[in-house]
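Trainee: Here it is, the structure, as structure tokens.
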Amino acid sequence: MPVIRCAVVGSPIRHSRSPLIHRLFAEQFGLALRYDKREVAAGGLAAVAAALAAEGLRGINVTIPLKEEAWVLATRRTARAAAARAANVLSFEADGGIEADNTDGVGVVRDLLGHGVTLAGRCILVLGAGGAARGIVPALLEAGARRLLVANRTATRAAELVREFAALGNIDMLPLDGRCDEAVDLLVNATSAGLTSMTPPPVPAGALAPGTVCYDLVYGSGETSFLRWARLQGVTIRIDGLGMLVRQAAVAFERWHGLVPTTDPVTKALRRRL
Ligand code: NAP
């Protein structure tokens, strides 16, 4: 059986879990897959992507700091990638084209629904306006959020994001040090605060009610700083981003191989190895 090749590119890439996730998916189908990781600094994606396509790879996952470069490089974009203006999946087409997708939004929505969290009709506050927020905001609106608030350290970036997605639903911005006029059903941390330090991002006052669900895109071996903060506020449903990571990878796997992997055992296996 010929070996199928894929890879993940970005910087830093050493700790990427993508090779393990795709290997575990491939094992579910007895697929002969070689999935590499390549350190690629900002500005280096075009040359590396061309080389990898020439080597016969089916596609690559793209991570920090290359998601916007990936979007620009693409010759075709899925609707959700077009909306996000950032891509985490590039597929190399037989005709030499490159299709960009953004699977962060579908990953977070599937993970939330998988945890039994209702999105339709709910009020959601997203902290952050970076690449990840751009992927998840349209997906949360399309999942039926009644109202979506965005709060970001740099207010102009939140304003820009709100402007871009205004046609998709009821979306507004809020200062990080502002006050919510209603408690939210779901509070999502899409900032990188807490990724390397134990300081969670600031949260607008009045956001929490007893039933608020807190979701952190960050994940790690222990409790994240945001979820620790949420626990100390009395929030009972707290979910980290490991399930999202696995589910967004599953969408890329399906795109490249036409096979739908089972995600829960892979998330559990990863959790044991964090
Ligand atoms: P990014 O484009 O660099 O954006 C970072 C965001 O965090 C910006 O909104 C930034 O605000 C904010 N921020 C950074 N430090 C902060 C601080 N100390 N206080 C308040 N806000 C702060 O990064 P990204 O690609 O959006 O990724 C964001 C996080 O999501 C990362 O931790 C990443 O690992 C995680 N992520 C997880 C998954 C998953 O599958 N679980 C997928 C994608 C991303 P400014 O605009 O003011 O700079």
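The values are calculated or read from the model by the stated rules, or taken from the named source; none is laboratory data. If you're wondering where the values come from, they're calculated on a predicted model, not measured in any experiment. Here the Cβ is made from the backbone with ideal geometry for all residues, glycine too, and neighbour counts use every protein chain on show. Each accessible area value is taken on the protein alone, full model and side chains, heavy atoms only, with ligands, DNA and RNA left out. Shrake-Rupley method; radii C 1.70, N 1.55, O 1.52, S 1.80 Å.
Trainee: Can you give the Rg/Rh ratio of region 105-240, where Rg is from the C-alpha atoms and Rh is the Kirkwood radius?
Mentor: Expressed as Rg/Rh, it is 0.92.
Trainee: Follow-up question, since we're still on this one. Which of the three applies to region 22-134, rounded, prolate or oblate, going by the alpha-carbon gyration tensor with a ≥ b ≥ c and a/c under 1.5 meaning rounded?
Mentor: Verdict is oblate for region 22-134.
Trainee: Follow-up. Taking a probe of 1.4 Å, how large is the accessible area per residue of region 70-205, in Å²?
Mentor: So region 70-205 comes to 42 Å² accessible per residue, rounded to a whole number.
Trainee: Once the dipole of the chain is set up with Lys and Arg at +1 and Asp and Glu at -1 on Cβ about the Cα centre, which of PHE25, LEU119, ALA81 lies farthest towards its positive end?
Mentor: Comparing the listed Cα positions along the dipole, PHE25 ranks first.
Trainee: If you wrap a convex hull around the alpha carbons of the chain, what volume per residue comes out, as a whole number of Å³?
Mentor: It is 122 Å³ per residue.
Trainee: Continuing with this model, one more query. Would you mind working out the magnitude of the charge dipole of region 105-240 relative to its Cα centre, with +1 at each Lys and Arg C-beta and -1 at each Asp and Glu C-beta, to the nearest 20 Debye?
Mentor: For region 105-240, the charge dipole is close to 40 debye.
Trainee: When only the heavy atoms of the protein chains count and the probe is 1.4 Å, how do LEU232, LEU31 rank by accessible area, highest first?
Mentor: LEU232, LEU31
Trainee: Quick one: dipole size for region 42-155, taken about the Cα centre, charges +1 on Lys/Arg Cβ and -1 on Asp/Glu Cβ, in debye to the nearest 20.
Mentor: 600
Trainee: Between THR156 and GLU55, what length comes free when the chain is fully extended (0.36 nm per residue of separation minus the Cα-Cα distance, one decimal in nm)?
Mentor: 32.2 nm
Trainee: Another one. Compute the length gained on full extension between GLU254 and ASN170: take 0.36 nm times their separation in residues and subtract their Cα-Cα distance, giving the result in nm to one decimal.
Mentor: Taking 0.36 nm per residue and subtracting the Cα distance, the gain is 27.1 nm.
Trainee: Leaving out ligands, DNA and RNA, what percent of the accessible area of the chain is carbon and sulfur, probe 1.4 Å?
Mentor: Answer for the chain is 52 percent, counting heavy atoms of protein chains only.
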